[in-house]
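Written out below as structure tokens is the structure these notes cover.
Every number in this text was worked out from the coordinates using simple rules, so none of it is lab data. It should be emphasised that the depicted structure is a prediction, and the values quoted were computed from it without experimental measurement. Because the Cβ atoms are built from the backbone with ideal geometry, glycine has one as well, and the counts that use them run over all protein chains shown.
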Amino acid sequence: MGLVIIFALTALLALFGTISALKNKNLLGIVFGGGTLAVFGWFAVMTLINSGYPAVH
């Protein structure tokens with residue numbers, strides 16, 4: 001369950017970074033922030049689905 005929390009927090013930080021990059025019109029920040037958001041968001045959702053909530057041992 002800890003892995004899901006870490007992935008989700010990283011995805012949230014990437015979301016805030018992407019929004020900030022959009023406001024500043026920073027293309028490289030948008031690309032890397034969006035990529036990070038997509039990858040870590042996907043990992044968080046898939047880990048949550050695979051492990052279940054709460055985590056099954």
Discussion item. Can you list residue pairs whose Cβ atoms sit under 6 Å apart, with the first residue in region 24-40 being assigned to a helix (DSSP H, G or I) and the second being polar (S, T, N, Q)? Count only pairs 6 or more apart in sequence or on different chains.
Written reply: Gly33/Thr18; Gly34/Thr18; Leu37/Thr18; Phe40/Thr10
Response to the item:
Checked against (1) assigned to a loop (DSSP other than H, G, I, E, B); (2) in contact with a helix residue (DSSP H, G or I) (Cβ under 6 Å, 6 or more places away or on another chain); (3) of a type outside the set (Lys, Arg), Pro54 satisfies every condition except (2)
